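What follows is a set of notes on a single structure, which appears directly below.
What follows draws every value from the coordinates through simple rules; no lab data is involved. A quick note: this is a predicted structure, and the numbers were derived from the prediction, not measured. Positions of Cβ are backbone-derived with ideal geometry, glycine not excepted, and every protein chain shown enters the neighbour counts.
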Amino acid sequence: MLAGAGLWKGVMTATYPGMPPMSSAATETVEFLVLHKTDYDTIMKEFQSSERMQAFKCLRAIPLFARWARSRLDRVCSLLQWRYVKAGAVIIRQGEKPDNVYFVLEGRCEVTKDIVLKAENRWPTGAKNWTVKVCTAVRPFKVLELGPGSYFGEKAIIEDALRAATVTAA
């Protein structure tokens, strides 16, 4: 039951796409704001339209897509999935099979390549004997930094090869 402006006592039910209805019983008076479903749907459509326009502008700025027809580019935008990655998270790793192409909208990404360092030491252990000790280490080497409007991951897909570098959110 509604108990005044924004106050609710009793049971509140919420449904989400793909989930069964949920109920929760209020144990005390709760104050909340209400947004009608039609208003929520309108806001979400506007938000999705805004995201799509942002993606469209990003892709249009990339030389590969610059001359594509709007309808074709709109189709690509409809297929894009938005991902948010925290700083320090690895997006793709050198040596892995390719799965996606990535377009940077905001933030920075660091591209590194694993470099194998090898050192060999020799010392005599007798008249004609030598001991050889080989040490190897793998160290990441920063190749470049990517920012908004950049893209990566396409090379491995085009060449049907493993990832050539690791890309990390900076």
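Structural remarks
- Selection from Trp82, Leu64, Ser49, by position along the positive dipole direction of the stretch 45-105 (Cβ): Leu64
- Of Lys86/Lys155; Lys86/Lys133; Lys113/Lys133; Lys45/Lys86; Lys45/Lys97; Lys86/Lys113, those spanning more than 32 Å from alpha-carbon to alpha-carbon: Lys86/Lys133; Lys45/Lys97
- Under 13 Å, Cβ to Cβ, from Trp130 - net charge with Lys/Arg +1 and Asp/Glu -1: +2
- Qualifying chymotrypsin sites (Phe, Trp or Tyr not before Pro) in the stretch 101-161, where qualification requires a DSSP coil assignment and no more than 15 other C-beta atoms within 10 Å, are lacking entirely.
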